[in-house]
Amino acid sequence: MNREEIANLTRDNRKELNDSLKDLRDELARTLKALNESNLQQLSLINTQVQDKLKLLTDQAKTDNTQMRESLEKVMKNFQESFDKNVASFNDLQREKFGQLEITQNKLLENTEKKLEQMRETVDEKLQKTLNERLGQSFELVGKQLESVQKGLGEMQTLAQDVGGLKRVLSNVKARGGIGEVQLAMLLEQV
């Protein structure tokens with residue numbers, strides 16, 4: 001082989017290598033684009049699901065709160081009616097035994113306040129427990145889905161780094177080819 005044939009062969013090899021690199025670069029770009037689009041779709045879906053679940057949880061909490069408030073109002077109304085009857089009865093007894101009635105009335109008021117406080121605490125505990133459980137479940141689901149998205153983004157970054165490493169390995173092809181030609185010429189001269 002003469003020098004011109006070697007140069008032609010080297011040029012052909014360089015062109016073939018550049019074409020292969022271009023094809024690889026195009027394929028990587030398509031893969032990255034598809035992966036990015038998939039991740040964006042998943043993020044959008046997760047966002048929609050989280051918003052739907054939070055809305056559902058908020059609506060449910062409002063409904064539960066309304067029902068408990070209505071129940072408490074009924075209890076309070078019944079209690080008020082009962083209390084009003086008792087007060088009327090006590091007023092009748094007061095005319096007869098004022099001193100004894102005052103002691104009884106004070107005890108009744110104290111017991112009533114304790115019962116109301118217990119009822120209020122029970123309602124508050126139930127509301128807080130229900131809200132905490134549902135928020136905990138929703139945030140746990142969001143955390144898992146965000147972890148999945150983070151993993152996908154990490155894979156995209158690794159793939160981008162691999163492409164950068166391949167570019168560095170395949171750079172300076174012309175300079176390396178020139179050195180190879182000089183070495184080949186020296187070998188041919190020795191022969």
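The values are calculated or read from the model by the stated rules, or taken from the named source; none is laboratory data. For clarity, every value in this text was computed on a predicted model and none was experimentally measured. Cβ coordinates were reconstructed from backbone atoms using ideal geometry, including for glycine residues, and neighbour counts include every protein chain displayed.
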Please state which of the following conditions Q150 fails to meet, knowing it meets all the rest: (1) surrounded by 13 or more Cβ atoms within 10 Å (Cβ to Cβ); (2) within 30 Å of D26 (Cα to Cα).
(1)
Positions within region 106-165 being within 19 Å of Q51 (Cα to Cα), without any contact (Cβ under 8 Å) to a residue 60 or more places away in the chain and not hydrophobic (A, V, I, L, M, F, W, C), in sequence order
N132, E133, G136, Q137, E140, G143, K144, E147
Return the only residue of E102, E70 being in contact with a helix residue (DSSP H, G or I) (Cβ under 9 Å, 6 or more places away or on another chain), of a type in the set (D, E) and either closer than 16 Å to R120 by Cβ or assigned to a helix (DSSP H, G or I) (or both).
E102
When L127 is evaluated against the numbered criteria (1) surrounded by 13 or more Cβ atoms within 10 Å (Cβ to Cβ); (2) under 22 Å from the mean Cα position of the chain (by Cα); (3) not charged (D, E, K, R), which criterion, by number, is the only one it fails?
(2)
Any pair with Cβ under 7 angstrom, 6 or more apart, that starts in region 170-187 at a residue that is on the phi > 0 side of the Ramachandran plot and of a type in the set (A, V, I, L, M) and ends at one that is surrounded by fewer than 14 Cβ atoms within 10 Å (Cβ to Cβ) and modelled with pLDDT of 75 or more:
none
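Would you be able to say whether some residue in region 19-39 is assigned to a helix (DSSP H, G or I), among the charged types (D, E, K, R), under 17 Å from the mean Cα position of the chain (by Cα) and surrounded by 11 or more Cβ atoms within 10 Å (Cβ to Cβ)?
Going through region 19-39, the residues assigned to a helix (DSSP H, G or I) turn out to be 19-39.
So of that shortlist, the ones also among the charged types (D, E, K, R) come out as 19, 22-23, 25-27, 30, 33, 37.
This time we only want the ones that are under 17 Å from the mean Cα position of the chain (by Cα), so: none.
No.
So that you can scan it fast, the table gives a plain yes or no per residue for (1) over 30 Å from Q41 (Cα atoms); (2) more than 47 Å from the chain's Cα centre (by Cα); (3) not β-branched (V, I, T):
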residue: R69; (1), (2), (3): yes, no, yes
residue: D84; (1), (2), (3): yes, yes, yes
residue: L108; (1), (2), (3): yes, yes, yes
residue: G143; (1), (2), (3): no, no, yes
residue: S148; (1), (2), (3): no, no, yes
